[in-house]
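Just so it is clear, none of the values below were taken in a lab; they were calculated from the coordinates. Computed from a predicted structure; not experimentally measured. Every residue, glycine among them, receives a Cβ derived from its backbone with ideal geometry; neighbour counts consider all protein chains shown.
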């Protein structure tokens, strides 16, 4: 599990503006101006959010100097998904072990009872 | 959205609920008092908490409101992963609420309830994000229309975090 990258993804997703930007990009690529429109925010502020998303690998930006459309990148999102899956299996496996352990404890208690009789 | 996904692996029921929670439940063939001990006493807890092949060492387990817990999970490859948190509510033998930190992932808020029925115990754990991180449903609300499938799945996940 690439921990650092996953943390970067979580950190990037932790901000509502950035999530709204990602939601907008899920409907197709957009320019910085278009992305800035729904927000009461300066262009530099939006650019800062885009840099965080870009560093986390959640978006990709076109090479052209003036027209740099942003596109959503799905891979880090899949890693978040994988992490959730791991969290789930962590608990499922723990519950299996707890089930076995409780049976073992009860067998032990039962045999202790017989021993003291 | 009420229920995003539901699955049963072995006997554990897992539900991703619309209010950003992941709910897992499992019935154990043991009285509630015993399950409570297994969940709250370090010598018992270390015997089952974590995936198979991992070794758990509990370094703190002060089960009272404001008390801390910490446990190291050692992976089969020798990697050590530390989990820690704080108890928020402790109501023996039926309910315990604690936070769970792991690396710098969003901290989780975990509520475990135990209900006894006919000598068996239903354990339900509800996990959600403890902070504002991942909490806003903005992502989901912007997800209508031609969202990519992976993105839909993320929205579901964010709701559970």
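On average, how many beta carbons from a partner chain sit within 10 Å of the beta carbon of a residue in B:40-52? Before the final figure, lay out the partial values.
Details: counts 0, 0, 0, 0, 4, 3, 0, 7, 11, 8, 5, 9, 4.
Mean shielding by partner chains, rounded to a whole number: 4.
Got the relative contact order for the stretch A:3-73 handy, in percent, Cα pairs under 8 Å and 6 or more residues apart? Each step should come with its number before you reach the end.
Values: 68 pairs, mean separation 25.9, N = 71.
Relative CO of the stretch A:3-73 lands at 36 percent.
Taking neighbour counts of Cβ atoms within 10 Å as a proxy for exposure, in what order, fewest first, do A:67, B:49, B:69 appear? Write out the running numbers ahead of the final one.
Details: A:67 9, B:49 24, B:69 21.
The fewest-first ordering by Cβ neighbours comes to A:67, B:69, B:49.
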Please determine, in degrees from 0 to 90 and to the nearest 10, the orientation of helix A:43-55 with respect to the longest principal axis defined by the Cα atoms of chain A, where the helix direction is its Cα long axis. 50 degrees
Residue A:114 and residue A:86 label points (each 7 Å along its Cα→Cβ direction) are spaced in nm at 4.4 nm
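Order by neighbour count: A:21, B:112, fewest other Cβ atoms within 10 Å first, most last.
Details: A:21 27, B:112 19.
Taking fewest neighbouring Cβ atoms as first place, the list is B:112, A:21.
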Hey, rough spin-label estimate for residue B:82 and residue A:29, points 7 angstrom out along Cα→Cβ, what's it come to in nanometres? 4.5 nm
Can you show me the helix-derived [θ] at 222 nm for chain A, built from DSSP H runs with n ≥ 4 at -39,500 (n - 2.57) apiece and divided by the number of residues, rounded to the nearest 500. -23000 deg cm²/dmol
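Using the count of nearby Cβ atoms within 10 Å as a rough guide to exposure, how do B:109, A:114 rank from fewest to most? Intermediate values should be presented prior to the final figure.
On the way: B:109 18, A:114 8.
Fewest to most other Cβ atoms nearby, the residues stand as A:114, B:109.
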For chain A, the longest principal axis of the Cα atoms and the Cα long axis of helix A:16-25 enclose an angle in degrees, to the nearest 10, of 70 degrees
Using 7 Å Cα-to-Cβ label points, what is the residue A:104/residue B:89 separation (nm, one decimal)? 3.2 nm
